[in-house]
Amino acid sequence: MGKEPDVNHVYQRMKDEDVKMTAQRQLIVKLLVKHQDRHPSADELHQLVRDVDPDVGLATVYRTLDLLERLDLVQSLNLGDGRARYELASGVHRHHHLLCIECGKIEEVDEDLLGAVEEAVLSRAGFTVVDHELKLYGVCCACSPERGP
């Protein structure tokens, strides 16, 4: 998988696309990058933003996430909890997620676990897979220490 974008990468890409860099957008990007391991929803990101600047509205967060998604800097995820979650796009391949059904923790798996499946699909059906998503549901080590590695 490619290197994860950082704040400066996102800011530079927005500048390259002639996107106005407002203080509100800077704050949203900064907090999204800082909390990317949590895969925040728009509402969660809005709360993080409001803790710093109470004047930033939820609509501004949604518009900024939409803009970042159109620029391929952010991708939305459906992790099965009924709300879109967001993470920085790597630009190479979507990684996979381990979802704890006890505590809700989300872990990332950077390996491409479906490469052989994609090859089989191409070989058998002539179908070229351009992207895929894998979510594995279970119990993390913290919630089930006896099942740990």
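Is there a residue in the range 84-91 that is surrounded by 18 or more Cβ atoms within 10 Å (Cβ to Cβ), of a type in the set (K, R) and touching a residue at least 12 places away in the same chain (Cβ under 8 Å)? Scanning the range 84-91, I find at least one residue that is surrounded by 18 or more Cβ atoms within 10 Å (Cβ to Cβ), of a type in the set (K, R) and touching a residue at least 12 places away in the same chain (Cβ under 8 Å), so the answer is yes.
Look through the range 112-128, keep the residues that are modelled with pLDDT of 85 or more and of a type in the set (G, A, S), and return whichever of them is surrounded by the most Cβ atoms within 10 Å (Cβ to Cβ). Ranking the qualifying residues of the range 112-128, first place goes to A120.
The set of residues in the range 113-128 being part of a helix (DSSP H, G or I) and within 18 Å of H95 (Cα to Cα) consists of G115, A116, V117, E118, E119. State whether the residues of the range 70-88 include one that is in contact with a Gly (Cβ under 8 Å, 6 or more places away or on another chain) and of a type in the set (G, A, S). Checked the range 70-88: no residue is in contact with a Gly (Cβ under 8 Å, 6 or more places away or on another chain) and of a type in the set (G, A, S). Among the criteria (1) free of Cβ contacts under 8 Å to residues at least 40 places away in the same chain; (2) touching a helix residue (DSSP H, G or I) at 6+ places or on another chain (Cβ under 7 Å); (3) not hydroxyl-bearing (S, T, Y), the one A42 does not fulfil is (1). Could you pull out every one of the helices (runs of 4 or more DSSP H) wholly within the range 18-76 that has 2 or more residues that are of a type in the set (S, T, N, Q) and buried (at least 16 other Cβ atoms within 10 Å of the Cβ)? Filter on the range 18-76 gives 58-70.
Which one of these is in the same structural domain as Q24 (by TED's automatic domain parsing) and touching a residue at least 40 places away in the same chain (Cβ under 8 Å): G138, G80? Selected residue: G80, the only one of G138, G80 that is in the same structural domain as Q24 (by TED's automatic domain parsing) and touching a residue at least 40 places away in the same chain (Cβ under 8 Å). On the basis of being outside the structural domain of V61 (by TED's automatic domain parsing), surrounded by 12 or more Cβ atoms within 10 Å (Cβ to Cβ), touching a His at 6+ places or on another chain (Cβ under 9 Å) and of a type in the set (D, E, K, R), does D131 make the cut? Considered against the rule, which asks whether it is outside the structural domain of V61 (by TED's automatic domain parsing), surrounded by 12 or more Cβ atoms within 10 Å (Cβ to Cβ), touching a His at 6+ places or on another chain (Cβ under 9 Å) and of a type in the set (D, E, K, R), D131 comes out as no.
The values are calculated or read from the model by the stated rules, or taken from the named source; none is laboratory data. Because the structure is predicted, anything quoted here is derived from the model rather than measured. Neighbour counts are summed over all protein chains in view; Cβ atoms, including those assigned to glycine, are modelled from backbone coordinates with ideal geometry.
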